[in-house]
Amino acid sequence: MAAFPDFQPLELDDRNLLQEALWAYQPETSELTFSNLFIWSAHYRWRWSKAGSWLLFLEEKEGSEPSFLQPVGPSPRLEVARRALGWLRSERGVAKPRIERADPRFALEVSRAPEFTVIPQREHFDYVYRTSDLISLQGSKYHAKRNHISRFLEEYGAGFRLVPMGPENLDLCAEFQERWCERRRCDEDMNLLEE
């Protein structure tokens, strides 16, 4: 295990250790799950390190300045955040080091320090639905979802069926992904292409 300021690439073998620490923290952002970090590790080039009682996740995405996710571990986290951002400035030459996709607990914690500025990034907000709400789709906030279903039923009627995803239909899923990507112009949007 790498100790800050050294970092190691995120590997599948890190799952148990990292998942245990992430579960103990109970993050409020979808980025801070092992599954999400691992799935996106090639795109964001996640590296991680242990800094005392905290885990640090460093993003080294090609074409971007490096940044961190929030320190994972017990509060207070202000000092470890200062250390990490200071390291980005002094060792990696980042003029405006930053922590991306912080959850509300961390944002509140650092907002009290004068050297930190918390800037909400709406495009990175998570959304969570209640299962019962998705079953019933009642109310005006689910109007668009009901319209999607209506449009689907108008176009396909009863000519569809649900089947479990398995090895027998992986080729069909890959073909669908290719068509989706062509329609969405993934070649013009690196995030969609990686997705």
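The residues of the range 49-62 include none that are crowded, with 19+ Cβ neighbours inside 10 Å and part of a loop (DSSP other than H, G, I, E, B).
Let's see how each residue does on (1) polar (S, T, N, Q); (2) modelled with pLDDT of 95 or more; (3) touching a Leu at 6+ places or on another chain (Cβ under 7 Å); (4) under 24 Å from Ala21 (Cα atoms):
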residue	(1), (2), (3), (4)
Ser75	yes, no, no, yes
Arg83	no, yes, no, yes
Leu88	no, yes, no, yes
Pro97	no, yes, yes, no
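Residues that are under 14 Å from Pro27 (Cα atoms) and small (Gly, Ala, Ser) within the range 90-135 comprise Ala102, Ala107, listed in sequence order.
The single condition from (1) of a type outside the set (Val, Ile, Thr); (2) in contact with a Leu (Cβ under 9 Å, 6 or more places away or on another chain); (3) surrounded by fewer than 20 Cβ atoms within 10 Å (Cβ to Cβ); (4) under 21 Å from Glu11 (Cα atoms) that Trp46 fails is (3). The single residue among Ala102, Ala2, Ala21 that is surrounded by 13 or more Cβ atoms within 10 Å (Cβ to Cβ) and not assigned by TED's automatic domain parsing to the domain that holds Pro120 turns out to be Ala2. Please indicate, with yes or no, whether at least one residue in the range 117-125 is loosely packed, with under 11 Cβ neighbours inside 10 Å, without any contact (Cβ under 8 Å) to a residue 60 or more places away in the chain, part of a helix (DSSP H, G or I) and under 19 Å from the mean Cα position of the chain (by Cα). Within the range 117-125 (the criterion being loosely packed, with under 11 Cβ neighbours inside 10 Å, without any contact (Cβ under 8 Å) to a residue 60 or more places away in the chain, part of a helix (DSSP H, G or I) and under 19 Å from the mean Cα position of the chain (by Cα)), the answer is yes, since at least one residue qualifies.
The values are calculated or read from the model by the stated rules, or taken from the named source; none is laboratory data. Here the structure is a predicted model, which means the values were calculated and not measured. Don't worry about glycine lacking a Cβ; one is built from the backbone with ideal geometry, like all the others, and counts go over all protein chains shown.
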